[in-house]
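Here the structure comes first, spelled out in structure tokens, and everything after it is commentary.
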Amino acid sequence: MHKIVKSTMIALATVVVPPAFGVAFASSDHDKARALKQSGEIMSLETILEKARKDQPGRVVETELERKGERYVYEIKIVDDKGGVRELKYDAKTGEPLKREREKSGE
């Protein structure tokens with residue numbers, strides 16, 4: 001049964017999130033994120049990615065949803081046209097930009 005869940009999660013990630021994002025969720029993490037979205041606690045990843053792409057053109061290479069204190073935060077890493085990696089953080093409930101920084105070489 002564990003393999004079925006894992007395969008299903010990979011299939012869902014492929015449908016919901018393009019493979020270029022390299023997103024990997026444990027089934028419990030995926031279920032929790034889905035429940036948070038359905039309850040209105042967080043915005044959809046798609047909505048946050050639209051905002052991120054407007055704020056920073058480039059290729060999305062990583063996404064994370066983390067709990068920071070009392071709120072959830074989406075962390076999005078984007079490679080810009082010069083090859084630099086930008087990390088953008090958004091409040092997962094409101095979509096408000098929280099932080100934008102360029103990662104240093106070697107990170």
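The values are calculated or read from the model by the stated rules, or taken from the named source; none is laboratory data. None of these values were measured; they are calculated from a predicted model. Don't worry about glycine lacking a Cβ; one is built from the backbone with ideal geometry, like all the others, and counts go over all protein chains shown.
Among the residues in the range 90-103, are any in contact with a helix residue (DSSP H, G or I) (Cβ under 8 Å, 6 or more places away or on another chain) and modelled with pLDDT under 95? Yes, the range 90-103 contains a residue that is in contact with a helix residue (DSSP H, G or I) (Cβ under 8 Å, 6 or more places away or on another chain) and modelled with pLDDT under 95. Within the option set K37, K54, K68, being under 19 Å from P97 (Cα atoms) and modelled with pLDDT of 95 or more holds for one residue only, K54.
For the residues I42, I76, I48, the requirement of being in contact with a Ser or Thr (Cβ under 6 Å, 6 or more places away or on another chain) and at pLDDT 80 or above singles out I76. Scanning the range 64-94 for residues that are buried (at least 17 other Cβ atoms within 10 Å of the Cβ) and assigned to a loop (DSSP other than H, G, I, E, B) yields a single hit, A92.
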